[in-house]
Amino acid sequence: MSAKTIDAILNKALAGEDISPEEGVALLEQTEPAAIEDIRVTADALRREQAGEIVTYVINRNINFTNICEQHCNFCAFRRDAGDRGAYWLDWGQIEEKATDAVRRGATEICMQGGLNPEAKEKGTKEKANSLSYYQKLIRTIKDKFPQLHLHAFSPQEVQFIAREDDLSYSEVIAALREAGVDSMPGTAAEVLDDRLRQVICPEKINSATWLEIVGTAHKLGMPTTSTMLCGHIETPQQQIGHLRSLRDLQQNAGDRGYPTAITEFILLPFVGEKAPAPLRRRVGRDQPILADSLLLTAVARIFLGRWIPNHQPSWVKLGLAGATEALNWGCNDIGGTLMEEHITTMAGAQGGSCLEVSSLQAAIGEVGRPYAQRDTLYRHLK
Ligand code: SF4
């Protein structure tokens with residue numbers, strides 16, 4: 001594609017129009033440094049217009065309550081079978097202790113997700129031993145003591161797991177989780193919303209339509225979600241753009257139908273394969289993400305999605321803090337959270353670490369010469 005055509009696509013985005021999937025693919029296929037720099041500059045300008053100069057961060061803590069999981073995703077180094085070395089299942093006291101520590105360290109958010117553990121059914125409350133009651137007890141363990149914490153919890157895959165185990169609808173599960181105290185849901189388990197690809201990387205996971213249905217149902221019920229993409233493995237530019245298009249359509253649909261909430265942010269999650277299962281690792285042929293590829297996709301995601309989803313976040317766990325800081329020049333307006341502990345990517349061999357102090361996040365933002373602000377999970381600035 002000629003430089004003139006790339007200019008036309010970028011000008012279209014700068015004029016506030018949606019670019020087409022074909023135009024998005026054309027941007028992703030650029031290899032000339034000058035064209036890539038034009039894409040970066042456009043993404044940065046759109047970031048300024050759509051999200052402003054301030055770079056935000058959130059003080060949060062991850063709690064991954066178990067790594068025992070019935071599924072076997074081909075990129076996952078976190079999962080274990082019950083009884084395996086390294087398998088764990090946090091008890092109620094450990095969960096409460098982690099939440100207490102998070103509050104002591106200034107957290108406003110707990111992000112809680114875990115493996116799909118069929119034995120959860122047995123751990124539900126005595127009155128009703130089903131999976132939902134186990135998840136409700138997880139929520140109450142945190143929210144009864146710390147009602148002020150924003151609980152960002154349970155992926156669409158976990159919603160489907162509970163619904164399947166207890167023979168409930170997705171709406172019933174989401175409404176019950178919200179009633180118990182979940183404030184928003186992570187848009188994880190999306191990986192790449194392309195069923196042929198999902199058959200290779202996560203064959204047991206919910207398909208694309210189910211992911212979209214559950215997230216759309218959450219929005220309809222007033223439960224905000226985030227959105228993510230697992231990139232940098234065996235997906236094509238067409239599949240990357242197809243994924244972004246599905247997110248854009250979902251967000252537009254939430255607006256068209258007047259849903260009370262929608263997607264709050266987009267997070268790019270580059271694949272870390274060092275300790276991932278061998279077949280996919282061998283196919284990908286490297287252990288760590290290629291920063292340049294991640295940055296180009298970061299910029300194209302801003303150009304393709306920014307009008308509809310204005311908040312874009314890189315993953316410092318996967319890219320390292322230096323890589324995430326660089327992403328602030330490629331369309332991102334947020335640097336993520338302190339996390340306090342991170343298991344899923346760290347177990348895959350990520351080199352970014354599993355906890356960052358607020359001062360490190362602030363210093364990283366300072367390096368790109370932009371002001372910073374602490375935010376809550378829903379992107380409201382905090383003093
Ligand atoms: S990615 Fe999630 S669902 Fe897949 S194996 Fe790992 S823990 Fe289980």
Check: Can you tell me which residues in region 90-119 are within 13 Å of the ligand (Cβ to nearest atom) and closer than 21 Å to LEU151 by Cβ?
Finding: GLN113, GLY114, GLY115, LEU116, ASN117
Item checked: Residues that are touching a residue at least 24 places away in the same chain (Cβ under 8 Å), out of contact with any Phe, Trp or Tyr (no Cβ under 7 Å at 6 or more places or on another chain) and within 16 Å of the ligand (Cβ to nearest atom), drawn from region 176-201 -> PRO186, GLY187, THR188, GLU191, VAL192, LEU197, VAL200
Notebook entry, point to check: Which one of ALA43, ALA35 is closer than 21 Å to GLN252 by Cβ and either in a helix (DSSP H, G or I) or touching a residue at least 60 places away in the same chain (Cβ under 8 Å) (or both)?
Noted result: ALA43
Note to self: Being touching a residue at least 24 places away in the same chain (Cβ under 8 Å) and either of a type in the set (A, V, I, L, M, F, W, C) or more than 15 Å from LEU269 (Cα to Cα) (or both): is that true of ASP167 here?
What the structure shows: no
Note to self: So if I check each of ALA299, ALA322, ALA327, which one is farther than 25 Å from VAL358 by Cα and of a type in the set (Gly, Ala, Ser)?
What the structure shows: ALA299
Checklist line | Yes/no for SER131 being under 28 Å from CYS231 (Cβ atoms) and within 16 Å of the ligand (Cβ to nearest atom) | finding: no
Checklist line | Members of region 143-164 that are more than 16 Å from the ligand (Cβ to nearest atom), crowded, with 24+ Cβ neighbours inside 10 Å and free of Cβ contacts under 8 Å to residues at least 60 places away in the same chain | finding: LEU151
Check: Restricting the search to region 260-283, which residues are over 18 Å from the mean Cα position of the chain (by Cα) and assigned to a loop (DSSP other than H, G, I, E, B)?
Finding: PRO260, GLU274, LYS275, ALA276, PRO277
Next item on the list: Check region 70-83 and report whether any residue there is more than 12 Å from the ligand (Cβ to nearest atom) and either buried (at least 16 other Cβ atoms within 10 Å of the Cβ) or within 26 Å of VAL284 (Cβ to Cβ) (or both).
Entry: no
Item checked: Residue check, ARG370 over 18 Å from the mean Cα position of the chain (by Cα), modelled with pLDDT under 95 and in a loop (DSSP other than H, G, I, E, B) -> no
Next item on the list: Run ALA363 past the list (1) closer than 24 Å to ALA51 by Cα; (2) buried (at least 16 other Cβ atoms within 10 Å of the Cβ); (3) out of contact with any strand residue (DSSP E or B) (no Cβ under 9 Å at 6 or more places or on another chain); (4) among the aliphatic types (A, V, I, L, M) and report the number of the one that doesn't hold.
Entry: (2)
Margin query: For ILE63, only one of the following conditions fails: (1) away from the ligand (no atom under 16 Å from the Cβ); (2) buried (at least 21 other Cβ atoms within 10 Å of the Cβ); (3) among the β-branched types (Val, Ile, Thr); (4) not in a helix (DSSP H, G or I). What is its number?
Written below: (1)
Notebook entry, point to check: Can you name every residue in region 306-315 that is out of contact with any strand residue (DSSP E or B) (no Cβ under 6 Å at 6 or more places or on another chain) and either at pLDDT 95 or above or in a helix (DSSP H, G or I) (or both)?
Noted result: ARG307, TRP308, PRO310, PRO314
Item checked: Flag if VAL173 is more than 16 Å from the ligand (Cβ to nearest atom), modelled with pLDDT of 95 or more and surrounded by 18 or more Cβ atoms within 10 Å (Cβ to Cβ) -> yes
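I'm trying to understand the selection: among the residues of region 114-149, which are of a type in the set (Lys, Arg) and outside any helix (DSSP H, G or I)?
LYS126, LYS128, LYS145 - these are the residues of region 114-149 that are of a type in the set (Lys, Arg) and outside any helix (DSSP H, G or I).
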Item checked: region 10-25: number of residues that are assigned to a helix (DSSP H, G or I), surrounded by fewer than 20 Cβ atoms within 10 Å (Cβ to Cβ) and free of Cβ contacts under 8 Å to residues at least 40 places away in the same chain -> 4
Check: Would you pick out the residues in region 266-291 that are surrounded by fewer than 24 Cβ atoms within 10 Å (Cβ to Cβ) and either among the β-branched types (Val, Ile, Thr) or without any contact (Cβ under 8 Å) to a residue 40 or more places away in the chain (or both)?
Finding: ILE267, ALA278, ARG281, ARG282, VAL284, GLY285, ARG286, ILE290, LEU291
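The values are calculated or read from the model by the stated rules, or taken from the named source; none is laboratory data. Predicted model, so just to flag it, every value in this text is computed and none were measured. Counting neighbours? That spans all protein chains shown, and the Cβs are built from the backbone with ideal geometry, glycine included.
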